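Working notes, beginning with the structure itself.
The values are calculated or read from the model by the stated rules, or taken from the named source; none is laboratory data. As the structure is a computational prediction, the values presented were derived from the model and not from experiment. All Cβ positions, glycine included, derive from the backbone under ideal geometry; neighbour counts span all protein chains shown. Each accessible area value is taken on the protein alone, full model and side chains, heavy atoms only, with ligands, DNA and RNA left out. Shrake-Rupley method; radii C 1.70, N 1.55, O 1.52, S 1.80 Å.
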Amino acid sequence: MAASRTFGAVALAAALPVALLVPDGTAAPAADPTPVVLTATLELHGEGGSNDVTVSVEPGLGRIEVSPYYWFAPDAGRYVHVALGTSDGGACQVARRIVVDTDDLTAASAYDAAGDPLPETEQFTVSDDWSELVARIGIAPFDPVDCARAISYDSPDPVDHGPRIWRGGVVLLSETGYADIPSTFPIAISCPRWIPWASEAGIGVTLLSDPGSYPGAGVIPHPSHLDSAEVTLDPGPFTVTSMPDLPADLDLWTAPPNPGDLAIDPADDQFLTIRIGGTVVRDGAAVDWTCGRVPVSVPAPTGWVGSLEGTLWWKRDTDFNGGIGTYGVHRTYEFLDDTWVYVDDEYDGPHTEPCTEVDHDWPDGCHRYFYDDETGRLQIDDRRASYANGGYQLPGFSGSYAQYRDYQVVEPARSDQRFAYRGKSRSGSLVLRRDGTYHYEGLHPEGDGEVDWSGRYRFVGDDDQEIVLRHGRRAFRDEVQLYFWNFDGRDTLRDLDTHHRVFRFRAAG
């Protein structure tokens with residue numbers, strides 16, 4: 001097993017200015033190489049509603065970020081005026097003013113305490129995803145501040161702005177640094193979906209300049225400067241073959257350089273999966289990162305002889321639909337012949353179309369399998385399965401493996417079949433009795449309110465595969481799939497699916 005290596009910061013020339021001119025022409029104080037980042041969420045409210053505005057301030061760098069996300073200008077006014085200063089009792093003695101145009105966040109402007117424009121302001125752009133959420137502006141470094149407040153107007157003038165529309169109280173700023181950020185921002189790790197056997201696999205390492213939260217979910221203030229960074233990789237059955245070049249003293253508000261990817265070369269042993277993870281250290285603050293267990297692809301085996309033709313395994317799972325929410329599904333592996341297996345993420349009956357080529361967009365569709373009768377070894381495409389505790393760990397959804405047990409089988413319904421069965425679903429409870437009667441209590445399968453049905457039931461086999469529930473002079477009928485546990489040749493009904501996704505039952509207990 002090869003030892004992993006650690007890669008870390010590589011020094012670059014400093015990208016930030018060390019001095020700027022203040023209005024009187026004197027030199028401003030040098031930028032703090034480890035600036036304090038101060039943040040606050042300001043709640044503005046007035047007639048018609050309220051809105052949060054997130055502010056991030058780095059006085060030592062002259063960096064200010066304002067995010068009036070979800071701002072509704074017709075009610076709240078077009079311009080947000082943010083005052084930054086020092087607390088004095090319950091007041092905030094203003095040192096700097098920022099005016100944000102909520103219709104054009106790239107047009108933010110900066111002023112001193114008296115409302116005079118500050119010279120040499122710099123606008124910073126963000127990606128299109130963030131262009132309507134974040135305003136970034138740079139000014140000369142200024143003295144520390146500890147409070148902020150915001151008011152909205154229909155005018156950008158910091159002095160003659162007219163009547164206020166929304167306002168909020170004074171809020172104290174709090175310090176934020178990389179130790180307060182649970183994610184790896186600004187270093188993004190991109191995990192491989194699988195690792196090729198005996199070939200290099202890349203792990204993407206990217207430096208981010210955009211804010212550290214997904215658009216639409218608000219902005220989490222982050223430092224605009226990264227002094228040093230290091231990424232480590234936990235030991236594993238691989239050799240590190242290339243490392244990204246992480247810069248030091250980095251300005252994150254400008255386009256950071258691409259540091260390159262991390263690459264590993266797996267050991268020659270054939271592994272089912274390889275765990276990949278490590279730590280990211282940003283300005284001394286460490287946080288874990290992980291890709292979890294990544295599947296390893298292996299070559300097609302030679303010398304295996306055997307077939308699983310006619311075998312169909314199932315396991316329970318859930319899926320989600322915006323109209324009905326979460327509902328039950330059964331994932332299945334259906335071995336069609338001695339070459340092909342059909343993987344179905346929501347089983348609705350036997351696969352009848354022949355397989356002719358591998359569907360590489362896992363997991364649904366046709367896949368090539370290899371099976372050895374003598375040893376019980378099984379491989380799906382280029383992914384080796386393992387056997388333990390009565391079932392195979394088979395490759396499936398999101399690159400993961402899941403266990404399909406030998407005794408979980410699918411059998412077709414037979415006409416006039418009867419069961420002793422109690423099941424529950426999202427819609428209600430169903431009881432089937434061996435005398436041919438049933439009781440169902442819950443939501444109507446077609447959404448017609450609550451029902452309480454009793455009567456006789458019937459299964460229809462052959463090509464129809466239906467369940468019929470008679471209640472009074474009426475009958476409900478729908479497609480049906482039956483899922484069993486088979487022990488010692490005896491089937492026990494465990495689950496029952498119908499075409500209606502909320503009308504699917506799992507055995508009680």
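Observations
- Helical content of the chain, expressed as a calculated mean residue ellipticity at 222 nm, amounts to 0 deg cm²/dmol (DSSP H runs of 4 or more residues, -39,500 (n - 2.57) each, divided by residue number, nearest 500).
- For I195, nonlocal amide neighbours, meaning residues 5 or more places apart or on other chains whose placed amide H falls under 5 Å from its own, are V296, S297.
- Per-selection Kirkwood Rh - region 100-148 (Cα, Å, 1 d.p.): 12.2
- Length-normalised contact order of region 39-143 in % [C-alpha pairs under 8 Å, at least 6 apart]: 25
- Ordering Y327, P144, P196 by the projection of their Cα atoms onto the charge dipole of the chain, which places +1 on the Cβ of Lys and Arg and -1 on the Cβ of Asp and Glu, puts Y327 at the extreme positive end.
- Computed about its Cα centre, the charge dipole of region 218-344 is approximately 440 debye, with only Lys, Arg, Asp and Glu carrying charge at their Cβ.
- Contact order for region 156-246, expressed relative to its length and based on alpha carbon pairs under 8 Å spaced 6+ residues apart, stands at 22 percent.
- Residue (of Y79, L105, G62) at the positive-pole extreme of region 39-143, dipole from beta-carbon charges: G62
- Tensor-based shape of region 39-143 (alpha-carbon gyration tensor, a/c under 1.5 rounded, otherwise prolate or oblate): oblate
- Its alpha carbons give region 461-509 an Rg and a Dmax of 12.7, 41 Å.
- Counting DSSP beta bridges with both ends in region 113-223, the antiparallel % (nearest 5): 100
- Summary of packing: across the peptides 243-254, 478-489, the per-residue average of other C-beta atoms within 10 Å ranks them, highest first, as 243-254, 478-489.
- Prolate/oblate/rounded label for region 213-333 (Cα gyration tensor, a/c 1.5): oblate
- Taking the Cα centre of the chain as origin and assigning +1 to Lys and Arg Cβ atoms and -1 to Asp and Glu Cβ atoms, the resulting dipole is close to 2120 debye.
- Among residues other than A507 with Cβ under 14 Å from its Cβ, the summed charge is +3 (Lys and Arg +1, Asp and Glu -1).
- Per residue solvent-accessible surface (Å²) - the chain, probe of 1.4 Å: 48
- For the chain: relative contact order, % (alpha-carbon pairs under 8 angstrom, 6 or more apart): 10
- When the Cα convex hull of region 121-271 is projected onto planes of every orientation, the mean area is 12.6 nm².
- Percent accessible area from carbon and sulfur atoms, the chain, protein chains only, probe 1.4 Å: 47
- A P(r) calculated from all alpha carbon pairs of the chain, with 20 Å bins opening at zero, reads 18, 32, 30, 18, 1 percent.
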